[in-house]
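Below is one structure, written out as structure tokens, with a few remarks after it.
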Amino acid sequence: MPSRTLAVGRVSLEVRQGIELWLHGLIVLASIVVGLGVSVLLLVVSGIDVSNIFEEFIVFTFFDSAGLADVLLEWAPLILVGLSAAVAFRVQFWNIGIEGQFVWGAIGTTVVMIYDIGPGWIQIYLMFLGGIIGGMAWIAVPAFLRLRLQVNEIISTLLLNYIAALFVLNQLFGAWQDPAAVYYKTAQFADYQRLPLIGWGQIHVGLFIALAAALIVWLVTERSRFGAYMKFVGSNPGMALASGIPVTLTILVAVMLSGSLSGLGGYLVASGQEYALTIYVAIGYGFSGIVIAFLARNNPAAVVVVSFLMAGLYVGGESIQVFYGLPEALIGLIQSIIVICAVGSEFFVRYRVRWMR
Amino acid sequence: MAHALQMTDIVKSFDGRMALDRAEFCADWGEVHGLLGENGAGKTSLMNVLCGLYRPDAGRMSIDGVEHRIEGPSHARALGIGMVHQHFKLVQPFTIAENVMLANPQKSWRKGVATVSEGIARLSDELGFEIDPAARIDRISVAEQQRVEIVKVLMGGARLLILDEPTSVLTDEEAARLLRTIQALARRGACVILITHKLREVLAHADRVTVMRSGRTVATVAARGTSAADLARMMVGDAPVDDTEPGQSGPVRLEISDLTARRDDGVSTVRGLSLTVRSGQIYGLAGVGGNGQTELAEVLMGVRAPETGHIGLDGSDITALHPKRRRALGIRNVPADRSAYGLAQELSVGDNYASTRLGSGSFGTLAWVSRRTIGAQTSAALKDFEIQGAAVDTSVRLLSGGNAQKLVLARELHGEPAVIVAHSPTHGLDVRACAAVHDHLRAARDFGAAVLLISEDLDEVLNLSDVVGVINRGAIVGELGRPADRHRVGELMLGHA
């Protein structure tokens with residue numbers, strides 16, 4: 001019989017049979033505090049006076065109208081990439097290409113502007129569709145390769161990120177370049193091509209689109225028959241097939257949904273924040289999505305919460321960068337430390353640790 | 001003189017099932033000792049006790065007349081006991097020398113590699129085979145990997161060597177070479193225990209043979225002067241067959257003709273198999289494990305495509321149908337490997353119970369799966385099948401083997417199945433759970449289902465079946481009516497007839 005206890009030196013690790021929600025939350029919270037502590041230590045070592053750090057990082061981010069508006073603005077695309085990763089991971093399709101699909105969502109949006117498709121009033125809706133189609137198109141290739149030819153999707157989705165980014169560069173240095181712009185981007189979207197602001201900071205209706213997407217994804221994964229199929233395919237594909245579940249179709253639909261959610265993220269940023277296609281449109285979103293889905297254990301409701309915290313981490317990081325005049329790399333380092341600590345808490349969720357005498 | 005090894009009254013049970021029931025074993029230096037028995041007879045369990053992997057519930061062990069309580073694998077190693085497992089424990093991308101070093105730690109890496117390589121060269125020279133210590137494990141053949149395992153154990157100073165089914169993965173020629181090596185080891189004074197179910201092998205290469213059956217030692221005999229038929233009789237025993245009513249068989253329901261199928265590694269394991277099962281009949285397929293049963297079951301489930309041949313249900317061809325369509329036609333499966341095809345371990349009892357009927361709309365619509373319906377139906381099934389200590393939302397991973405199997409049965413026997421393919425349905429279950437599974441299968445047959453019972457447990461096949469077929473090397477080698485002659489089945493299974 002395999003033992004469920006593992007001894008490493010004087011530490012004994014016991015596999016937990018289950019964990020209460022409060023303990024799980026406490027462990028994650030404690031590890032985030034540890035991450036913050038390490039980050040503060042890092043700042044002290046760098047010779048920075050950290051007496052105001054709490055105020056800068058927490059109060060001005062979450063308890064200040066302008067700060068909170070920035071967080072909410074950042075929240076929307078993070079919800080979408082988090083959902084995108086969660087949906088794909090649920091059927092064990094390791095979509096590392098969220099960034100590429102995000103870029104293609106933005107391209108699909110921009111195409112409507114560049115070629116001035118349809119009457120003006122309908123263009124914002126066409127852009128919505130363009131975003132979804134762009135994201136789906138970019139994931140269709142790895143999905144086909146995986147399901148038909150057993151090509152590992154980790155590699156194919158990852159490499160397609162670079163192709164997407166370079167394609168955007170090619171267009172921005174060429175046909176789609178706005179000659180009037182200072183740096184490389186397309187012309188600005190017209191007013192009717194932009195997502196309407198709701199009148200609080202830069203927040204636009206994209207936030208409601210993202211929240212609605214989260215609700216729909218939650219209903220699909222947690223309540224619909226298709227969601228039940230996804231659970232079986234993700235948990236045991238052999239058993240799912242033997243039970244008569246259409247495994248290939250389930251994976252295909254889930255993957256397409258994942259691509260369209262990423263594409264929708266690209267639409268939100270292009271039509272709601274940048275008002276143009278730029279080379280920076282998707283930077284960082286792909287890996288954020290993966291981290292969010294991991295921390296949320298692929299649960300759509302948890303994705304909404306985790307992506308809010310993640311948005312706070314980004315906005316807070318930017319504000320201390322400005323306040324202390326810190327290099328960008330240091331901020332990235334701090335953000336990564338906090339995320340790694342949160343991810344590392346998984347270990348304590350999984351095992352009960354005991355000291356042996 | 002004291003025996004090299006003496007094991008007395010060894011008892012070991014798992015989940016209330018006796019794997020070893022006062023087993024005895026005795027071997028001497030300088031002999032090759034065959035340990036023979038059917039699957040599940042307790043051979044491997046007994047040897048796992050010897051090499052410290054299992055701690056026995058009771059019993060005594062002595063080596064060279066000195067009594068020992070073996071505390072664990074490293075203690076067994078220190079006593080000179082080494083086991084070569086059926087599934088090799090080698091690290092694929094490492095070299096042979098590195099693997100040997102992993103089991104026999106050296107002080108420094110570089111010097112260690114040199115020392116170990118030297119030792120490997122010397123040993124392989126003595127034993128008459130060649131291996132290159134610098135070759136990587138994933139680049140060498142299975143036979144060579146096995147030699148690495150043997151060398152690994154011998155370098156650790158083992159004098160008492162246990163080999164678990166060593167020839168099952170080898171070609172005939174490789175097997176012959178291995179057996180010669182084993183004899184050479186014994187001549188140098190070692191004690192080699194050869195676990196196997198191949199009669200011919202032990203008769204040709206062992207000095208003495210111990211036969212085990214259902215956890216007990218039947219006898220220890222000298223190989224010379226014993227016939228294969230004697231050994232087969234000892235292996236299968238003389239247990240009486242139950243006196244239950246035979247089934248009232250109807251028309252032919254399941255028809256398999258000329259089926260061939262390959263294993264994942266490309267080896268053809270089902271080779272021209274044909275059989276028919278009637279409605280209201282239990283067809284018991286007896287055979288030693290690894291003769292194509294697994295692939296046959298997978299082909300019938302619809303998760304493995306056959307190479308050639310046809311499967312017919314009530315006269316229509318279902319060879320190419322998706323599992324979903326097969327289920328709709330009433331074909332149900334009780335797979336041998338529950339974790340591969342039976343249950344999703346991380347999901348709940350209710351989810352697993354509902355899995356096969358989600359698509360038919362039994363549990364709500366496309367947009368809304370009714371948890372309440374699932375809960376109610378699952379609770380009823382838990383009650384009907386006496387699955388105690390489990391609730392609808394219990395994770396399946398927490399169920400005992402018996403309860404998990406009863407859950408599979410509850411799901412698969414729901415409604416009126418036309419065909420049930422049950423593969424080793426009682427493997428690892430205790431007596432009570434076994435009886436429950438058997439009752440359910442009989443009841444399904446009495447309702448008119450055609451039951452194909454694939455089992456490596458001969459008692460089970462003989463007790464339950466209306467017709468017994470014997471599978472050997474992927475084909476049916478004989479069919480017997482009820483009551484089937486145990487010795488005849490044993491001979492066909494073991495393939496020397």
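The values are calculated or read from the model by the stated rules, or taken from the named source; none is laboratory data. Just so it is clear, the structure is predicted and the values come from calculations on it, not from any experiment. Positions of Cβ are generated from backbone atoms using ideal geometry, with glycine treated the same way; all protein chains shown enter the neighbour counts. Ligands, DNA and RNA are stripped out before the accessible areas are found, and what is left, the full protein with its side chains, is counted by its heavy atoms. Shrake-Rupley method; radii C 1.70, N 1.55, O 1.52, S 1.80 Å.
Details
- Share of carbon and sulfur in the accessible heavy-atom surface of the stretch A:261-357 [1.4 Å probe, %]: 66 percent
- The mean sequence separation of alpha-carbon pairs under 8 Å and at least six residues apart, normalised by the residue count of the stretch B:182-317, gives a relative contact order of 19 percent.
- Shielding by partners for peptide A:213-226, expressed as the average number of C-beta atoms from other protein chains within 10 Å of each residue's C-beta, is 2.
- Lys pairs under 30 Å by Cα in the protein assembly as shown, provided they are eight or more residues apart or on distinct chains: 22
- Accessible surface area normalised per residue over the protein assembly as shown is 45 Å², counting heavy atoms of protein chains with a 1.4 Å rolling probe.
- Dipole check for the stretch A:69-325: with +1 at the C-beta of Lys and Arg, -1 at the C-beta of Asp and Glu, and the Cα centre as origin, the magnitude is about 820 Debye.
- The relative contact order of the stretch B:5-236, computed from alpha carbon pairs under 8 Å that lie at least 6 residues apart in sequence, is 30 percent.
- Neighbourhood net charge (12 Å Cβ-Cβ; Lys/Arg +1, Asp/Glu -1) for A:VAL28: 0
- Positive-end ranking of B:ALA186, B:GLN145, B:LEU203 along the dipole of the stretch B:94-215, with charges on Cβ about the Cα centre, is headed by B:ALA186.
- Nearest 10 degrees, 0 to 90: helix B:172-187 Cα axis against chain B principal axis: 40 degrees
- For the stretch B:418-490, applying the loop criterion from DSSP together with a ceiling of 16 other beta carbons within 10 Å to the GluC sites (Glu not before Pro) yields no site.
- Relative to its Kirkwood radius, the Cα radius of gyration of the stretch B:5-236 gives an Rg/Rh of 0.97.
- Net lengthening on full extension, B:VAL11/B:ARG122 (0.36 nm per residue, minus Cα-Cα): 36.0 nm
- Selection from B:GLY342, B:HIS322, B:TYR353 lying farthest towards where the dipole of the stretch B:312-364 points positive, charges on Cβ: B:HIS322
- Principal axis box of the stretch B:119-203, alpha-carbon based, largest edge first, Å: 37, 28, 18
- Between helix B:431-446 and chain B: long-axis angle, C-alpha atoms, 0 to 90°, nearest 10: 40 degrees
- Candidates A:ALA228, A:PHE189, A:GLY263 compared by Cα position along the dipole of the stretch A:69-325: farthest toward the positive end lies A:ALA228, with charges placed on Cβ.
- Other protein chain Cβ atoms within 10 Å, averaged over every residue that makes up B:367-374: 3
- Descending semi-axes in Å of the stretch B:314-424, equivalent ellipsoid built from Cα gyration tensor: 23, 18, 12
- Here's the picture: a label point sits 7 Å out from the Cα of B:LYS383 along the beta-carbon direction, and within the stretch B:407-425 the residues with their amide nitrogen under 18 Å of it are B:407, B:410-411, B:414-415.
- Placing +1 on the Cβ of every Lys and Arg and -1 on the Cβ of every Asp and Glu, with nothing else charged, gives the stretch B:345-415 a dipole about its Cα centre of roughly 100 debye.
- Sum of -39500 (n - 2.57) over DSSP H runs of 4+, divided by residues of the protein assembly as shown (222 nm, nearest 500): -15000 deg cm²/dmol
- Considering only alpha-carbon pairs that sit under 8 angstrom and 6 or more positions apart, the relative contact order computed for chain A is 35 percent.
- Over all other residues within a Cβ to Cβ distance under 9 Å of B:ALA228, the charged ones net out to -1, with Lys and Arg as +1 and Asp and Glu as -1.
- Remark: spin-label model distance B:HIS75-A:VAL15 equals 2.4 nm, labels positioned 7 Å along the Cα→Cβ axis.
- Residue list for the stretch B:130-147, given a label point 7 angstrom along the Cα-to-Cβ vector of B:SER168 and an amide N cut-off under 19 Å: B:142-147
- In nm, spacing of pseudo-spin labels at B:HIS310 and B:GLN92 (7 Å Cα→C-beta vector): 4.1 nm
- Fraction of antiparallel bridges per DSSP, the stretch B:1-115 only, in percent to nearest 5: 100 percent
- Charge tally in the Cβ shell below 13 Å around B:SER279, where Lys, Arg are +1 and Asp, Glu are -1, B:SER279 excluded: -2
- Computed about the Cα centre, the dipole magnitude for the protein assembly as shown is approximately 780 debye when only Lys and Arg (+1) and Asp and Glu (-1) carry charge, each at its Cβ.
- Within 10 Å of each Cβ in B:338-347, the average number of Cβ atoms from other chains: 5
- Expressed per residue, the C-alpha convex hull volume of the stretch B:258-363 stands at 131 Å³.
- Looking at the stretch B:1-69, the trypsin sites (Lys or Arg not before Pro) that sit in a DSSP loop and have at most 16 other Cβ atoms within 10 Å of their own Cβ are B:ARG69.
- Solvent-accessible area buried by A and B, counting both chains, probe 1.4 angstrom, square angstrom: 2400 Å²
- For the stretch B:285-389, chymotrypsin sites (Phe, Trp or Tyr not before Pro) meeting the loop criterion (DSSP other than H, G, I, E, B) and having at most 12 other Cβ atoms within 10 Å: B:TRP368.
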